[in-house]
Amino acid sequence: MAVNMGNVMGIIFANMNESVINEITKNRTMGSVLFGGRYRLIDFPLSNMANSGVDEVAVITKENYQSLLDHLGSAREWDLARKKGGLHILPPFGHVEAGLYRGRLEALYGGISFLKASRADYVILADCDVVANVDFKPIVNAHVDSGADITIVTHTGLYTNEEASSSTIIQTDESGRVCDVLHKPNMAGECTACLNMFVMKMEFLIQLLEDGNARGYFSFERDVLQRKVNELNIRTYEYDGYFSKIHDMRSFVKANTDLIDPENAKKLYLQDRPIYTKIRDNAPSKYDLNCIVKSSLIADGCIIEGEVENSVIFRGVKIGKGAKVKNSILMQDTVIGDNAVINNIVADKDVTVADNRMLSGSEEFPLYIGKGASV
Amino acid sequence: MTMFNKKECVAMLLAGGQGSRLYALTQSVAKPAVPFGAKYRIIDFPLSNCINSGIDTVGVLTQYQPLVLNEYIGNGQPWDLDRIHGGVHVLPPYQKASGSDWYSGTANAIYQNISFMDRYDPEYVIILSGDHIYKMDYDKMLTYHKQNNAACTIAVIDVPLEEASRFGIMFARDDGEIYDFVEKPKEPKSTLASMGIYIFTYSKLKEYLIANENDKDATKDFGNNIIPALLANNERVWAYRFDGYWKDVGTIDSLWEANMDLINPKIPIDLYDPDWKIYSRNPVMPPQSIGKNAAVQNSVVTEGCYIDGSVEFSMISNGVTIEEGAIVLDSILMPGCVIKKNAKIEYAIVGENSVIEENAQVGSRPENVENRDEWGIAVVGHNLTVSSGSYIKPKQIISQSI
């Protein structure tokens, strides 16, 4: 039976996994990390939920969430400025004795009164480290049909050691029930990885939280998925669409530059399920007389007078005359001076690179320039 | 009935005209809803000017093909005009107990909405039109109006003498007071052209609108009736000189030129000024993707485009696809159109969602045409297909697929 998505609440963890790119998350949450020329990472789970018919979403924050609040506003851009439901931001709540939460369970327990007051029957939990266009409707339906306690959204494929050791790896028995959960294992090869999206009943989640609080449990992966793997009926839902999982700076760069290939972009930016973001009302981008732009993504509000290749250029960036930008990611309002040459750079917001400067990172280790820096 | 909040100044935007000189481009949409400047529609300019000037109550008078325009304006949120009091209101003609009438002229359209203006009890009303591209601070004009204690202030701009016969021409004394006015004179003797922007002291406006309505011979038009009547009665009518960029986009040529002006660094209209943004309804699309075979120069491009061909001196709107080998020169591509492989677009306007198939050609450079009189901008209307290998000649306008 099809579930009415109006009875499903989305919960997004804005801070989870932010240590994987701690340079970029120094002053912001994982959810507010800039991505793909005009987005922030939270736009993906939030748009996915909105497009799936979820009309009540809670965003759980921890630290440094000012930029996130600024980005989300009233959530009108995601069509979540609603009378019934809509967006709720749940900052850390006082009664977790340790202060800031240590894991998903504690974070959720901080908002337990909000969860208890909700009329939703089901919840979808999601992090901000996976860039994907996910329709949650079939996932919630599969969860209900299978009778599982928890459904984990997974992807099966070949994983490098780096990828596997930053993921939760799932093993299932013949019946499809999860029989083993390895959290950040040292392994490689074909495996089934958790995409940090979970579906369960609201009532069940509240039970888990109360039980977890009573026993001092805080980690959803270790204290629920691993500890209760035999006790609970945990199942997987295999996601076979396009996605990128961000687990370090290199994978962050790759997740961005992969979208330069129009075939990849077509799989992520679906016409019937658009990815929404905050609107900046930039003018369109201007390509000047002698500019050369190839294999790149350019957002609005840019003025390009130099050369750009294999790069992702965010809103409001200026690239001066004779400048050469290659294999780089230039975030919002960055200015590259005349005749500057940059290669394998990740420039955060409002970076200024002076005229004639040469800056280069490598493919393995892109050079990151912090927000507002002048080079 | 007066609403709770009085508004000092209410804007009335005339957006009902057909814009028949844009031919295929206004066959199914009203002129103010015609796409402009890659990510805008013409009406974004007056609406953004209103909010940037501190006017938060705008009536948009619609009549001709209003569907696209109505949907575009919506609740006014993109222009910050979704307000508890005021905001933007679409005002089509409506049926009254006394009967029902289409808007039969600019003055009649405003007359039919006196009850709308009355609700805000305004001191002043500014009348705007939906077919000009410009950035203007109406608040400065209002201050000027108040300083002169005028009944009506008309924004004017200096135009070249040879173009003056296309405009309403004002004669003003040195202090700015207008003493004569001629609508589209054959032999113009002044170069002060009316920009079609009027500020009225509301009590005067109402008085003259009612008198005009009762005059059976009147054409119910501001230029033909209301302004001459004010002058005939020695009312205080003042000219407010504007010296910024202002362009009427009522014809194919002027629409094309105004778009090209945005590419020209010598033309003083800055859309990048953070203090005077031009707002528009956002199409929700990913950034523009420039392919490995692309060459884009001297052009303006916006979100959702995929470009793998060559583009020069052109205006590329949201969601346009230009495939490998296609050439786009000195042209305007409206939202969603597709230029297939090796197709060629030169000095042309391609309407929304139209598809130009492989090897087709639309328009041509002036130097490739022997008889210059036969040269002009080629136009493909909205939602059409130009089949593979076909040729749309310069100056040709098509409103059906070929």
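The values are calculated or read from the model by the stated rules, or taken from the named source; none is laboratory data. These numbers come from a predicted model, not from an experiment. A quick note on method: Cβ atoms are made from the backbone with ideal geometry, for glycine too, and the neighbour counts reach across all protein chains shown. Areas reflect the complete protein model, heavy atoms only, side chains present, ligands, DNA and RNA absent. Shrake-Rupley method; radii C 1.70, N 1.55, O 1.52, S 1.80 Å.
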Looking at region B:355-402, which of the residues that are of a type in the set (Gly, Ala, Ser) and within 22 Å of the chain's Cα centre (by Cα) is surrounded by the fewest Cβ atoms within 10 Å (Cβ to Cβ)? B:SER399
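Rundown of residues vs (1) surrounded by fewer than 23 Cβ atoms within 10 Å (Cβ to Cβ); (2) more than 14 Å from chain A (Cβ to nearest Cβ); (3) within 21 Å of B:ASN259 (Cβ to Cβ), yes/no style:
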residue: B:ALA38; (1), (2), (3): no, no, yes
residue: B:LEU47; (1), (2), (3): no, no, yes
residue: B:LEU69; (1), (2), (3): no, yes, yes
residue: B:GLY74; (1), (2), (3): yes, no, no
residue: B:LEU81; (1), (2), (3): no, no, no
Return the residues of region A:3-18 that are crowded, with 19+ Cβ neighbours inside 10 Å, of a type in the set (Gly, Ala, Ser) and modelled with pLDDT under 95; say none if nothing qualifies. A:ALA14
For B:ASP248: the one exception among (1) open to solvent by less than 20 Å² (accessible area, probe 1.4 Å); (2) under 27 Å from B:ILE51 (Cβ atoms); (3) of a type outside the set (Gly, Ala, Ser): (1)
Filter region A:254-277 for residues that are facing chain B (nearest Cβ under 10 Å), among the hydrophobic types (A, V, I, L, M, F, W, C) and assigned to a helix (DSSP H, G or I); which is farthest from A:VAL134 (Cα to Cα)? A:ILE260
Filter result (more than 18 Å from A:LEU232 (Cβ to Cβ) and under 20 Å from the mean Cα position of the chain (by Cα)) within region A:121-138: A:ALA126, A:ASP127, A:CYS128, A:ASP129, A:VAL130, A:VAL131, A:ALA132, A:ASN133, A:VAL134, A:ASP135, A:PHE136, A:LYS137
Of the conditions (1) over 15 Å from B:GLU303 (Cα atoms); (2) of a type in the set (S, T, N, Q); (3) open to solvent by 50 Å² or more (accessible area, probe 1.4 Å), the single one that A:GLN271 does not satisfy is (1)
Based on what the data block shows, is B:ALA229 in a loop (DSSP other than H, G, I, E, B) and away from chain A (no Cβ under 14 Å)? no
Residue pairs, Cβ under 6 Å, 6 or more apart or interchain, first in region A:146-170 and over 18 Å from A:PHE136 (Cβ atoms), second among the basic types (Lys, Arg). List them. A:SER165/A:LYS184
So which residues in region B:304-319 are more than 7 Å from chain A (Cβ to nearest Cβ), open to solvent by 10 Å² or more (accessible area, probe 1.4 Å) and hydroxyl-bearing (Ser, Thr, Tyr)? B:SER310
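A quick yes/no check of all residues on (1) more than 30 Å from A:ILE313 (Cβ to Cβ); (2) charged (D, E, K, R); (3) surrounded by fewer than 18 Cβ atoms within 10 Å (Cβ to Cβ):
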position	(1), (2), (3)
A:TYR217	yes, no, no
A:ARG222	yes, yes, yes
A:ASN233	yes, no, yes
A:THR236	yes, no, no
A:SER244	no, no, no
A:SER251	no, no, no
A:ASN256	no, no, no
With of a type outside the set (S, T, N, Q), assigned to a loop (DSSP other than H, G, I, E, B) and within 19 Å of A:ILE12 (Cα to Cα) as the only criterion, which of A:PHE204, A:PHE218, A:PHE198 stands out? A:PHE218
What number of residues within region A:28-64 are surrounded by fewer than 24 Cβ atoms within 10 Å (Cβ to Cβ), in contact with a strand residue (DSSP E or B) (Cβ under 6 Å, 6 or more places away or on another chain) and among the polar types (S, T, N, Q)? 1
Given the structure, is B:GLU183 open to solvent by 20 Å² or more (accessible area, probe 1.4 Å) and in contact (Cβ under 8 Å) with a residue 60 or more places away in the chain? no
Residue check for A:ILE292: free of Cβ contacts under 8 Å to residues at least 60 places away in the same chain and buried (at least 21 other Cβ atoms within 10 Å of the Cβ): no
Of all residues making up region B:290-303, the number that are surrounded by fewer than 24 Cβ atoms within 10 Å (Cβ to Cβ) and either under 12 Å from B:GLY336 (Cα atoms) or more than 7 Å from chain A (Cβ to nearest Cβ) (or both): 2
Of all strands (runs of 3 or more DSSP E) fully inside region A:283-375, the set with 2 or more residues that are in contact with a helix residue (DSSP H, G or I) (Cβ under 8 Å, 6 or more places away or on another chain) is A:296-298
Looking at region B:320-335, can you tell me whether even one residue there is in contact with a strand residue (DSSP E or B) (Cβ under 7 Å, 6 or more places away or on another chain), open to solvent by 50 Å² or more (accessible area, probe 1.4 Å) and touching a residue at least 24 places away in the same chain (Cβ under 8 Å)? no
Residue count, region A:178-206, condition surrounded by fewer than 19 Cβ atoms within 10 Å (Cβ to Cβ) and at positive phi, comes to 2
If you go through B:LYS277, B:LYS220, the only one that is among the basic types (Lys, Arg), more than 8 Å from chain A (Cβ to nearest Cβ) and surrounded by 15 or more Cβ atoms within 10 Å (Cβ to Cβ) is B:LYS220
Is it fair to say B:ALA211 is within 30 Å of B:LYS146 (Cα to Cα), modelled with pLDDT of 90 or more and part of a strand (DSSP E or B)? no
